[in-house]
Amino acid sequence: MAKDKETKKILCQNRKARHEYEILENIEAGIVLNGTEVKSLRAGGGNIKDSYAFVKGFEVYLYNAHISPYSHGNIHNEDPMRPRKLLLHKQEIIKLSAKVKEKGLTIIPLSIYLKGSLIKIDIGLAKGKRVHDKKQAIKERDIKRDMDREVRNY
């Protein structure tokens with residue numbers, strides 16, 4: 001039997017991340033959620049705009065990620081802003097920890113998505129951009145867009 005390709009359905013995304021940071025490396029991780037949080041995410045109740053990940057010992061936690069309480073939930077709804085544990089291999093955690101300490105990088109979430117029936121998070125090892133870097137990136141994007149438009153119209 002041929003194995004079906006697993007599709008990714010994005011549940012929430014950090015749109016400003018690629019503008020504010022230079023992403024050096026992407027890592028896929030699992031995330032520890034409760035049942036009502038999963039239902040809320042599937043219904044579109046997630047926001048990772050100002051969130052970040054932090055290494056504590058041999059565990060990685062996601063902070064400031066807002067997952068709205070499930071509308072049909074009960075007393076088992078969790079705090080929307082609670083820290084959530086990310087599931088990574090020990091070697092990945094050690095590598096991330098070393099890079100964050102050594103080079104002054106940060107770990108930011110890029111998107112939360114469904115992979116099959118599992119909820120995964122795409123985190124990026126990032127370096128902050130300066131203002132002139134952001135302006136240069138915008139300028140390059142505009143030039144590329146204009147060139148593509150000219151080629152299409154030619």
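FYI, it's all coordinate maths here, none of it is from the lab. In this text the structure is predicted, and so the values were computed from the model without any measurement. Reconstructed Cβ throughout: ideal geometry from the backbone, glycine too, with neighbour counts over all protein chains shown.
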Inset, instruction - Output yes when any residue across segment 23-43 is loosely packed, with under 12 Cβ neighbours inside 10 Å and free of Cβ contacts under 8 Å to residues at least 40 places away in the same chain, and no when none is. - result: no
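What strands (runs of 3 or more DSSP E), lying completely within segment 1-64, carry at least 3 residues that are farther than 14 Å from residue 83 by Cβ and either more than 13 Å from the chain's Cα centre (by Cα) or of a type in the set (Asp, Glu) (or both)?
Correct list: 21-31.
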